[in-house]
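Below you'll find the structure, written out as structure tokens, and then a few comments.
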Amino acid sequence: MVPAVGYCFQVRAVDKVGNTGAWSVQKCSAVTLDDRALAASAGWSRVSWSLFYRGTATQTSKTGAYLTRSGAALTRVAVVATRCPSCGTVGVYVNGSSVGTVNLYSATTLRKAVISLPPFSYRTGTVTLKVLSTGKLIQVDGLGISRA
């Protein structure tokens, strides 16, 4: 499993005579979780290829199949996936409540596409990506989770 890594920064100024200013507002960022960090229900397969983020992706075309990540604390989520002419739709849930839908259709194939959902109120728990389409390719490459 590849863990997510988060970084938070604050700065403050010190002038030539040693006066120190107040700390700035904290700004945080995160590195995307690889698809291998997500638990998969039945129907998914792991595939390897150098064009995928960290060399792997998890794919299915089974309606209702899902990927989960427990222990999340977040206000934003992004899905890293393949977008293509035969790609489908994924619902994104936190603790069973929908926070958005990701349509992976594109006229041309795009690998490592980052699809960010709008921010929502702070939540903790399990993030689930659930296949909503029927017979369409879903190829998940990673998951971004952020509190910023």
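No lab work stands behind these numbers, since they all come straight from the coordinates. No experiment lies behind these values; they were computed from the predicted model shown. Cβ sites come from the backbone with ideal geometry, for glycine too, and all protein chains shown count toward neighbours.
Per-structure values
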| item | result |
| --- | --- |
| Residue selected from region 69-107 under the condition of a type in the set (D, E, K, R) and touching a Leu at 6+ places or on another chain (Cβ under 6 Å), by the criterion nearest to residue 39 (Cα to Cα) | 69 |
| Selection count where residues are touching a Phe, Trp or Tyr at 6+ places or on another chain (Cβ under 7 Å) and touching a residue at least 40 places away in the same chain (Cβ under 8 Å), scope region 33-56 | 1 |
| Filtered residues of region 35-59 (kept if more than 18 Å from residue 131 (Cα to Cα) and assigned to a strand (DSSP E or B)) | 48, 56 |
| Near pairs, Cβ below 7 angstrom, 6+ apart or cross-chain, from region 78-89 (free of Cβ contacts under 8 Å to residues at least 60 places away in the same chain and over 25 Å from residue 146 (Cβ atoms)) to any residue that is of a type in the set (Val, Ile, Thr) and part of a loop (DSSP other than H, G, I, E, B) | 84/109 |
| Failed criterion for residue 93 (all others in (1) surrounded by 15 or more Cβ atoms within 10 Å (Cβ to Cβ); (2) in contact (Cβ under 8 Å) with a residue 40 or more places away in the chain hold) | (2) |
| Residue selected from region 61-90 under the condition assigned to a strand (DSSP E or B) and more than 17 Å from the chain's Cα centre (by Cα), by the criterion surrounded by the fewest Cβ atoms within 10 Å (Cβ to Cβ) | 84 |
